[in-house]
1. Just one of (1) more than 26 Å from the chain's Cα centre (by Cα); (2) at pLDDT below 95 trips up residue 159, so point out which.
2. Of everything in region 389-410 that's surrounded by 19 or more Cβ atoms within 10 Å (Cβ to Cβ) and over 16 Å from the mean Cα position of the chain (by Cα), which residue is farthest from residue 188 (Cα to Cα)?
3. Between 437, 353, which is assigned by TED's automatic domain parsing to the domain that holds residue 317, in contact with a helix residue (DSSP H, G or I) (Cβ under 8 Å, 6 or more places away or on another chain) and free of Cβ contacts under 8 Å to residues at least 24 places away in the same chain?
4. Which condition number in (1) out of contact with any helix residue (DSSP H, G or I) (no Cβ under 7 Å at 6 or more places or on another chain); (2) farther than 21 Å from residue 416 by Cα is the one that residue 373 fails?
5. Can you name the residue in region 112-144 that is in contact with a helix residue (DSSP H, G or I) (Cβ under 9 Å, 6 or more places away or on another chain) and part of a strand (DSSP E or B) and, of all such residues, is surrounded by the fewest Cβ atoms within 10 Å (Cβ to Cβ)?
6. Of everything in region 348-360, what is out of contact with any strand residue (DSSP E or B) (no Cβ under 7 Å at 6 or more places or on another chain) and either assigned to a strand (DSSP E or B) or under 20 Å from residue 240 (Cα atoms) (or both)? Give them in sequence order.
7. For region 222-252, name all the residues that are over 29 Å from residue 201 (Cβ atoms) and crowded, with 22+ Cβ neighbours inside 10 Å.
8. Would you mind finding the one in 449, 382, 390 that is outside any strand (DSSP E or B), touching a strand residue (DSSP E or B) at 6+ places or on another chain (Cβ under 6 Å) and in contact (Cβ under 8 Å) with a residue 60 or more places away in the chain?
């Protein structure tokens, strides 16, 4: 909800006699109306939060009274507001009798007065999520080993394209003078799903491989390597890689009037902030042996699965400032705040494989040496900025156009949990693949969760209904 100051369009309703009286400082004229007529006077100071922030537009059926030019009468007896103390919102209603009904009517049920409900659409972008090299192709003989092979998926950021997001705003003032209000916001992001699927023909063309750096100490094996998924005349198969990201935020807050002057109003914000960010990476491939090898008969079926799942949950408190600057039917709203609290990070690494119907623990990048669940708590800092231009289309409807930016200092992302070497290629000791006993160093490993920063930004358009 936005409190709106009387704009220039409303000034035309004031007869010349009323203007002259107000400019002379007649104490019978409400202070907010005098401040509008003499808007440029720097000495104008409001003593209550709603003072000078009355409704800009009146209902369509309201008309000025020609028989009451100074605004001292009323259409019906008893409608003229009671005199109020100087430090109350007395200046926030229209002059009695000047319109069919006053814009400010004291509430008998404060929680049902001056409520708002809004919806916004966000054209959003998020920081990309880094993935190591995951799938390559190459001419025969190179076997998809890096360097020297073409990258099909990985070794780049994913999820940095446009996404859709929605934001729900709602709240109410808990007193009719609009000193203290409470509200809530709920934001959900469409989420990103970056995927890659490839398959060979029945003869194993083209070559598809999963590159890694092999730390198996057996002579002639240590060094750049790959697991060949398909190769002409050797193996046929498919590979499916999916990287998902989902984000939602919820807030409950209090807003409290701080000060106002002229066409400006500043509020303090404080409340509770919740964020959940889920990020996952799943790699699945199937192979069928075409050419018989020692110990691998033709027709042998292989299945590999690696899953990296990261969950982040933030619970904390927020504090900020909201400023509104009004000119006629337009209001510029600027909000800045920061949330501080606990970020609970959880990483689950799962791998499985099978050969000729026999199942094993571990895939290729998720093996017994790094499989399992890691959890940690870190101090989360989430600054946020929101700028909006609000057009008061009618007494009850506001249309908004804005920009939002949110930053997270520490989150766990799935791709960052894959152990890589100095060249960025995944590190694997293949002696433990397909249930083998570990020989040499335990790779991959994940001694602790690797975290990174993350951000969201976007252009918003929406509307607010003032009840």
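1. If we test residue 159 against (1) more than 26 Å from the chain's Cα centre (by Cα); (2) at pLDDT below 95, just (1) comes out false.
2. Ranking the qualifying residues of region 389-410, first place goes to 392.
3. Selected residue: 437, the only one of 437, 353 that is assigned by TED's automatic domain parsing to the domain that holds residue 317, in contact with a helix residue (DSSP H, G or I) (Cβ under 8 Å, 6 or more places away or on another chain) and free of Cβ contacts under 8 Å to residues at least 24 places away in the same chain.
4. Failing condition for residue 373: (2).
5. By that ranking, first place goes to 130.
6. 358
7. Once the filter is applied, which keeps residues that are over 29 Å from residue 201 (Cβ atoms) and crowded, with 22+ Cβ neighbours inside 10 Å, region 222-252 yields 245, 247, 249.
8. Going through 449, 382, 390 in turn, just one is outside any strand (DSSP E or B), touching a strand residue (DSSP E or B) at 6+ places or on another chain (Cβ under 6 Å) and in contact (Cβ under 8 Å) with a residue 60 or more places away in the chain: 449.
The values are calculated or read from the model by the stated rules, or taken from the named source; none is laboratory data. All values derive from a computational prediction rather than experimental measurement. In this analysis, Cβ positions are derived from the backbone assuming ideal geometry, glycine residues included, and neighbour counts consider all displayed protein chains.
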